[in-house]
Each structure stands twice: as C-alpha cells, then as structure tokens.
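This is the structure, below, for whatever I ask next.
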Amino acid sequence: MTSGDPAGGHSDASISRKVRRLETLLEEKGVLTGTQLDEALDAFLAGASPASGARVVARAWTDAGFRSRLLADGTAAVRELGYMEGAEQRLRVVENTASTHNVIVCTLCSCYPLRLLGPSPSWYKSEAYRSRVVREPRAVLEEFGLRLPETTDITVWDSSAETRYMVLPRRPEGTQGLAEEELAALVTRNALIGTAVL
Amino acid sequence: MTDPAAAPTADDRFAPGARVRTFRHDPPHHTRLPRYARGKRGTVVEPEGPAALADVNARGRGDAPVEQIYAVRFAARDLWGEGDHHVVLDLWESYLEEDSDDER
C-alpha cells in the first residue's frame, strides 16, 4: 500500500492506515499470519499487470479464433492463457474498429479489471475522470492527447455491476511482420482502458 | 462459443433490443443505478448474468434476491441533453421497466 497519488488527485492515505491497523489486529489476535495475507494477495494478483492485458491483445491480433472467443466470452478466453482463475467477476472485452472507439470507467467507485491488469492508475479513480468521461468523452480523450475523428462513434462502458471491461485496441499499421511478443510490447495500459490508441 | 452466464434465459424479463426505462428512485442506501442514469430511456444490449442485488447485499442482509443484470445502452442525448456518444451501464433487472412507445 502506498500513500496514493503525490499529485494529490486521489489520496489513499486514510484507507491505507485503516488497512494496516486491521492487518495488525488480525495478526495480534492470531486470526491469521502476515504470511497468509501475503500469500492470498500474491495469489489474487498473480499475472495481474498491464503486461498480461498486452499479451491477451497480441494473441487476439495474431489468432483469429482466439479473438472471436475473447470477444464472445472474455473470462473463458483469458483463462486459456492462465489469467483470472477463480475470479468472481466476468470480463468483457470491447473491440475498437475503424468507426468505433471504446473507453472504460467506473463512475460509482473505481471498478477495474484488476485481476488481469493489476492496480488501476490514480487518475482512473479521480472524480474528474469518473464524472467527466461519461458526459464529455471527446474532450477528456483530447486531454489524454487522443483526438478522434468526428465520425468515430464513442461508447463509454460504466462498470456498475459485476462485469469488468477491457478494450481491444486496433492493431497498429505496419506491424505485419512482428511476432506476438513484439506486438505485446506495443500495447500500453491506456490503450487497454481506451484513453489512448496505438 | 458464448459465455453461458450471459446467455439469455427464459426467466429474463427483457430481451436484447428491448426498450427500457430506468427507475427514478433516490434510495437512502447503496445502489448501483447511478444518479445520472435514473429515469432515463435506453436499449438492452444483452444479459450479463445474474447476481445478488447490490442494494440489499450492501446492507449486510443475507436475503438479497438474485436478479439478471443487463448491459443497457443509452444515447448521451438522452442522459445529458447533448453529445453524440453512448454510455453502457450494467443494471439489475429491478432497476428497469418496459418503455412502451405510447408514453413517448
């Protein structure tokens, strides 16, 4: 646990203190040991990093069968690659095309495909992002440096229940010769959220 | 192959493509129907799979009804009065009612 965003956009300091106090109490009372907590956290976050999302995307770009399975049932498809074992939430992957762009948010709190992508960036949890991207996505995306053509249809996915979302970005032009691993290295976290394209 | 949890079932009240309207409630407890989407018209995309109703679950009660959740697509214009984008929300069945054309 860190003390949050040094820029002050979103502070976790208070909740971190509470969590640390709870951990200490649970250990003092002998309910569980620090090792157990670490093991549970390690298991929960196994493979949870933007690199995993990037690997999923690169596989979808190079394997049409995997791509259709991923779009039909994201949870089952990423399990083929060893991710999200035992996760309670569903994963839905939404695909960007020449005419449509997708971006994800959680306006009520900060739901995020944590089991696949790891902890979310601080700005994802900020009130500014959460309240504005559903209302004026084009303006928000421009602030991320992403200017979409007027003709592009934008869909904002607000993670209000049990499904978590990830964007399948478009494969960059001129990458025909690249191997899957090289393609994965091109994929950024913001592209998986939809606040960037590649 | 499609996600079996998200396949439409005979018990679903709404089919993909159904026009729905969200309730205009303002409960004193937790709810997953965001304020900006209350009393708004949208279109069901598809079911997302059933889950315990968060409004009841969050109050620590063990008797939360399990309901179908639907991905519902809203036009920005219907939510905010402006904009050309769409917003998709995942909403429990009891947040929704049929939007009959004659009320429009």
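Tell me which residues, restricted to the stretch A:154-185, are of a type in the set (A, V, I, L, M), within 14 Å of another protein chain (Cβ to nearest Cβ) and in contact with a Ser or Thr (Cβ under 8 Å, 6 or more places away or on another chain).
A:Ile154
Of the conditions (1) surrounded by fewer than 24 Cβ atoms within 10 Å (Cβ to Cβ); (2) of a type in the set (S, T, N, Q); (3) under 15 Å from the mean Cα position of the chain (by Cα); (4) at pLDDT 95 or above, A:Ser110 satisfies every one except a single condition; which number is it?
Just one mismatch for A:Ser110, condition (4).
Turning to a different aspect of this structure: Please go through the stretch A:174-190 and pick out each residue that is among the aliphatic types (A, V, I, L, M) and part of a helix (DSSP H, G or I). Lay out the reasoning, then the answer.
Residues of the stretch A:174-190 among the aliphatic types (A, V, I, L, M): A:178-179, A:183-187.
If the condition is that a residue be among the aliphatic types (A, V, I, L, M) and part of a helix (DSSP H, G or I), then A:Leu183, A:Ala184 are the ones that fit.
Kindly indicate the residue of the stretch B:27-49 that is facing another protein chain (nearest Cβ under 9 Å) and within 22 Å of A:Leu71 (Cβ to Cβ) and also surrounded by the fewest Cβ atoms within 10 Å (Cβ to Cβ) among those meeting that condition.
It comes out as B:Gly49.
Have a look at A:Ala51, A:Ala40 and point out the one that is among the aliphatic types (A, V, I, L, M), free of Cβ contacts under 8 Å to residues at least 24 places away in the same chain and surrounded by fewer than 18 Cβ atoms within 10 Å (Cβ to Cβ).
Working: A:Ala51 fails: free of Cβ contacts under 8 Å to residues at least 24 places away in the same chain.
A:Ala40 is the lone residue from the list that is among the aliphatic types (A, V, I, L, M), free of Cβ contacts under 8 Å to residues at least 24 places away in the same chain and surrounded by fewer than 18 Cβ atoms within 10 Å (Cβ to Cβ).
Let me ask something else about it. Can you name the residue in the stretch B:76-93 that is in contact with a strand residue (DSSP E or B) (Cβ under 6 Å, 6 or more places away or on another chain) and more than 10 Å from every other protein chain (Cβ to nearest Cβ) and is also farthest from A:Arg164 (Cα to Cα) among such residues?
B:Asp78
Still on this model: Which residues, taken from the stretch A:82-103, are more than 10 Å from every other protein chain (Cβ to nearest Cβ), in contact with a helix residue (DSSP H, G or I) (Cβ under 8 Å, 6 or more places away or on another chain) and modelled with pLDDT of 95 or more? Let's see the steps before the verdict.
So the first thing to find is which residues in the stretch A:82-103 are more than 10 Å from every other protein chain (Cβ to nearest Cβ), and the list is A:82-87, A:93, A:95-99.
Then keep just the ones that are in contact with a helix residue (DSSP H, G or I) (Cβ under 8 Å, 6 or more places away or on another chain); that gives A:83-85, A:87, A:93, A:95.
Of everything in the stretch A:82-103, those that are more than 10 Å from every other protein chain (Cβ to nearest Cβ), in contact with a helix residue (DSSP H, G or I) (Cβ under 8 Å, 6 or more places away or on another chain) and modelled with pLDDT of 95 or more turn out to be A:Val93, A:Glu95.
The values are calculated or read from the model by the stated rules, or taken from the named source; none is laboratory data. Fair warning: this is a prediction, and the values are worked out from it, not measured in the lab. We place every Cβ from the backbone using ideal geometry, glycine too, and count neighbours over all the protein chains shown.
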